[in-house]
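The values are calculated or read from the model by the stated rules, or taken from the named source; none is laboratory data. All values derive from a computational prediction rather than experimental measurement. Positions of Cβ are backbone-derived with ideal geometry, glycine not excepted, and every protein chain shown enters the neighbour counts. What goes into the accessible areas is simple: the full protein's heavy atoms, side chains included, and nothing from ligands, DNA or RNA. Shrake-Rupley method; radii C 1.70, N 1.55, O 1.52, S 1.80 Å.
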Amino acid sequence: FLRILVVAGILHWPLAVRLAGPLLVAGGVAFAAAWLLWRRGGAGPGDGTSVSNPFELKPALIFAGLLALVMLLSAALMERFGHGSIYWLAAAAGLADVDAITLSLAGMAGQTLPLPTAAAAILVAAVVNSLVKSGLALAIGGRDLGLRVGVALGVAVLAGSAAFVLTAG
């Protein structure tokens, strides 16, 4: 959630301001849940996890392709079906990644796409992505991990959504 806010802030400050409340609330809840789970004896250093090299070319090319696809689909869908179609694209993009749709919508926010629509679509992508992460935790880590991640992200998404509704005005 916080990375989305940073990316939006770098690319389009008014969009970041619009997203700040919901993303800070959701990020704060997710961080608090992670901290509590860690304190209760969750995974820590040396638990067998590994980090991939951030400078590998293949992931960068895949991301560039995904970004180009999202940008093309965004423009085409808006031209054909109007601004409301962007929510469907955001949900579909959120199945895999939130960065590409955030970059794309930040570039369109306030120009070809109204700022409130761009902000809401980014939040849709974040919600869908959180659901996917919960499902992956369940599928890969089993019932206990899936439940912990699902509850934590579910509460974070609900809190962030409530913040969005309360601040949208």
Query - Any chance Ser104 is among the polar types (S, T, N, Q), modelled with pLDDT under 75 and at negative phi - result: no
Query raised in the report: Taking interchain pairs and intrachain pairs at least six residues apart, which have beta carbon atoms under 6 angstrom, with the first residue in the range 8-24 and part of a helix (DSSP H, G or I) and the second of a type outside the set (D, E, K, R) and open to solvent by 80 Å² or more (accessible area, probe 1.4 Å)?
Result: Gly21/Thr167
Report task. From (1) polar (S, T, N, Q); (2) in a helix (DSSP H, G or I); (3) open to solvent by 30 Å² or more (accessible area, probe 1.4 Å), pick out the condition that doesn't hold for Ser130. Result -> (3)
Query raised in the report: Would a scan of the range 148-167 turn up a residue that is among the aliphatic types (A, V, I, L, M), part of a helix (DSSP H, G or I), surrounded by 14 or more Cβ atoms within 10 Å (Cβ to Cβ) and touching a Phe, Trp or Tyr at 6+ places or on another chain (Cβ under 8 Å)?
Result: yes
Query raised in the report: Can you tell me how many residues in the range 80-111 are aliphatic (A, V, I, L, M), more than 15 Å from Leu69 (Cα to Cα) and not in a helix (DSSP H, G or I)?
Result: 1
Query raised in the report: Of the residues Ala33, Ala26, which is open to solvent by less than 90 Å² (accessible area, probe 1.4 Å), in contact with a helix residue (DSSP H, G or I) (Cβ under 6 Å, 6 or more places away or on another chain) and at pLDDT below 95?
Result: Ala33
